[in-house]
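**Q** Could you have a look at this structure, given as structure tokens, before my questions?
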Amino acid sequence: MDSLRHELTRFIQQPAAQQDPPALYRRLLAEAPVLDLGPLYVVSGHQEILTVLMNPGTNVDPTTVGLPRAGNTALLKVVNRMLPMRDGADHTRLKRLATAAFSHRRLEQMRERIETTAARLLAPLIASGSFELVADLAVPLPVAVSCAILDVPDSEQGRITGWAGLVARAMLDPFGTGPEAAELDAEFAAFHSYVEELCAARAAAPGDDLISRLTVARGEGRLDTEELLAFVVMLLANGLETLTSGLAVAAWELIRTPGLAARVRNRPALADAVFDEAQRLGSPVRASARALTREVVLGDTVVPAGSVAMLLYAAANRDPRRFADPDRFDPDRPERQHLAFGHGPHHCLGAPLSLIAGSAVLRGLAEADAVRELSTTLTESTARLNEQFAFGGVRELPVACPLRTAPPVEPQVESQIEPPSAPPSAPPSAPPSATPSAPLSEPLEVAA
């Protein structure tokens, strides 16, 4: 068990040094689905994580168990006011304000804009014959999605893309003591001013958009000015890490799985299931931390009140007790309750929106594959993985797409296995260190 503790601690502190995370996940699930590291308990089992997330004494705020809250910089103080970082009544109040923006009706209204944007971004990349999918598509598309939610003009997307990575970068130094903290705050000052101006303009001339509804709610006393600004910062900057990673892992599976592009082309609705299964296997959000103010029993382990639970979603999504042949990519699998989008009160509000964007990209790639031969040199051994512990996915995905010399072989019409209408689960917390004083926070997604 000591060697397992050593390997896990190294993974937490130096994620880039862990070349085979699934091997570590398998070992944790087999030897210790709940691993006691003192006040810190690492929970990797699927059912065990569900139990923690549904425990009434589970919180994202570390101060509830006497630990310090991150936030010594202006940016981190705004992060602490965001929806995913709130608990209890405050979380319920803020989530209720956002829910209307993610209703089925609103999502269907945005679907055409998102699909058109994905097609617009993808077309010149395919025509070029080769591209890098992460930088050229998976980064700009989430910003475009955020702008669609907030009715921000497309002309602003370049500027917002430059700001969108600020939150993720800040979470690498959650106490704001590192050498980059001052630089981040300086960059954030311009972003914060932009958001203030945007909110002021919507307050003066409200429209049918989320910012306008939030400014009305502020006027009615349902949220304060700091919460309003944090909300808009979250929605503009939030999807970069999680949706970017989700798009990349889904595209990677489509390109490297023989015959999958043809299957999606033959049955476009399958793109939903392909994207969903890629989130399970790729787990763009690897982990989150929770403070426990009540005792919770996880199998044979009693986790006392006052503990911190680090929930390893990436391992739970490969738990053989929940998923048959869990390391295999299988978009037809019947088991759908993965944890890539969380579970319980903090389940990701943006999960259906991610599905719309991801499926649009997959269908576009599948159609391109009919006339272009999509391929990538990226393999499990050469993948440049995300170096943040809390985030998974690949950092680069080179794609070659020369014109085909012969048409692809199309599959026979297959039985209609219905894909999920939306991924069921997600978000979570910023990387804790291996010490119990780690801040509890969620890698921010358009989330709950």
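Values quoted throughout were computed directly from the atomic coordinates according to the rules given, and no laboratory measurement underlies them. Computed from a prediction, not measured in an experiment: that's the story for all the values here. When we count neighbours, we look across all protein chains shown, and the Cβ atoms used for this are built from the backbone with ideal geometry, even at glycine.
**Q** Report the label-to-label distance for SER155 and LYS77 in nanometres (one decimal), using points 7 Å from each Cα along the Cα→Cβ vector.
**A** 3.4
**Q** Then there's this: For the range 155-170, what does the Karplus curve 6.51 cos²θ - 1.76 cosθ + 1.60, with θ = phi - 60°, yield as ³J(HN,Hα) per residue in whole Hz, taken in order and with x for Gly and Pro?
**A** Whole-Hz 3J(HN,Hα) from phi for the range 155-170: 5, 8, 5, x, 5, 5, 4, x, 8, 5, x, 4, 5, 4, 5, 5.
**Q** Here's a follow-up. What residues have an amide H closer than 5 Å to that of GLY350, excluding those fewer than 5 places away on the same chain, when H is modeled at 1.01 Å from N in the peptide plane?
**A** ALA447, ALA448
**Q** Given R₀ = 51 Å, FRET efficiency for THR377-GLU196 by Cβ-Cβ distance, to 0.05?
**A** On the way: r = 45 Å, r/R0 = 0.88.
FRET efficiency, THR377 to GLU196: 0.70.
**Q** A further question on this structure: As a test of the formula, what do you get for the chain when each DSSP H run with n ≥ 4 contributes -39,500 (n - 2.57) and the sum is divided by the residue count, at 222 nm and rounded to the nearest 500 deg cm²/dmol? Write down the numbers at each step before the final one.
**A** Numbers: 17 runs with 205 residues, N = 448.
So the calculated ellipticity at 222 nm is -14000 deg cm²/dmol.
**Q** Moving on. Calculated FRET efficiency, PHE175 and GLU132, Cβ-Cβ r, R0 30 Å, to nearest 0.05?
**A** 0.35
**Q** I would also like to ask the following. Just how many % of Cα pairs in the range 2-400 lie over 26 Å apart, if you round to the nearest whole percent?
**A** Here the long-distance tail beyond 26 Å is 54 percent of all Cα pairs in the range 2-400.
**Q** Run the dipole for the chain about the Cα centre, Lys and Arg Cβ at +1, Asp and Glu Cβ at -1, nothing else charged, and hand back the magnitude in debye, nearest 20.
**A** Numbers: 41 positive and 54 negative charges, 96 e Å.
Charge dipole, the chain, about its Cα centre: 460 debye, nearest 20.
**Q** May I pose another question? Starting at the first residue of the range 178-183, write each ³J(HN,Hα) from the Karplus equation 6.51 cos²θ - 1.76 cosθ + 1.60 with θ = phi - 60°, in whole Hz, x for Gly and Pro.
**A** x, x, 8, 4, 5, 5
**Q** Moving to a separate point now. Taking springs between alpha-carbon atoms closer than 10 angstrom, which of LEU198, LEU312, LEU214 fluctuates most in the Gaussian network model of the chain?
**A** LEU198
**Q** Given N residues in the range 56-178, what is its alpha carbon radius of gyration divided by 2.2 N^0.38 Å?
**A** On the way: Rg = 18.2 Å, N = 123, 2.2 N^0.38 = 13.7 Å.
It is 1.33.
**Q** For THR301 and ALA30, what does the FRET efficiency come to when R0 = 25 Å and r is the distance between their Cβ atoms, rounded to the nearest 0.05?
**A** Details: r = 15 Å, r/R0 = 0.62.
With R0 = 25 Å, the Cβ-Cβ based efficiency is 0.95.
**Q** Next question, about the same structure. Which percent, nearest 5, of DSSP beta bridges in the range 2-400 are antiparallel?
**A** Restricted to the range 2-400, the bridges split so that about 85 percent are antiparallel.
**Q** For Cα pairs less than 8 Å apart in space and 6+ apart in sequence, what is the mean separation divided by the residue count of the chain, i.e. the relative contact order in percent? Could you put the intermediate results ahead of the total?
**A** Details: 840 pairs, mean separation 121.9, N = 448.
Taking the mean separation of contacting Cα pairs over the length of the chain, I get 27 percent.
**Q** Among ALA366, ALA273, ALA305, whose mean-square fluctuation peaks in a Gaussian network model of the chain (Cα, cutoff 10 Å)?
**A** ALA305
**Q** With label points built 7 Å along Cα→Cβ from the Cα atoms of ALA205 and ASP332, find their separation and express it in nm.
**A** Each label point lies 7 Å from its Cα, and together they span 5.5 nm.
**Q** For ARG5 and ASN266 in one chain, what is 0.36 nm times their gap in residues minus the Cα-Cα distance, to one decimal in nm?
**A** Separation in residues times 0.36 nm, less the Cα-Cα distance, equals 89.3 nm.
**Q** Moving on. Using a 7 Å offset from the Cα along the Cα-to-Cβ direction at both VAL216 and ASP325, what is the distance between the two label points in nm, to one decimal?
**A** Between VAL216 and ASP325, the simple spin-label model gives 5.2 nm.
**Q** Can you compute 3J(HN,Hα) from phi for each residue in the range 187-201, using the Karplus curve 6.51 cos²θ - 1.76 cosθ + 1.60 with θ = phi - 60°, rounded to whole Hz and x for Gly and Pro?
**A** Result, ordered by residue: 5, 5, 4, 5, 5, 4, 5, 4, 5, 4, 5, 4, 5, 5, 5 Hz.
**Q** Relative to the compact globular guide of 2.2 N^0.38 Å, what is the alpha carbon radius of gyration of the range 154-229, as a ratio?
**A** Against the empirical 2.2 N^0.38 Å value, I get 1.28 for the range 154-229.
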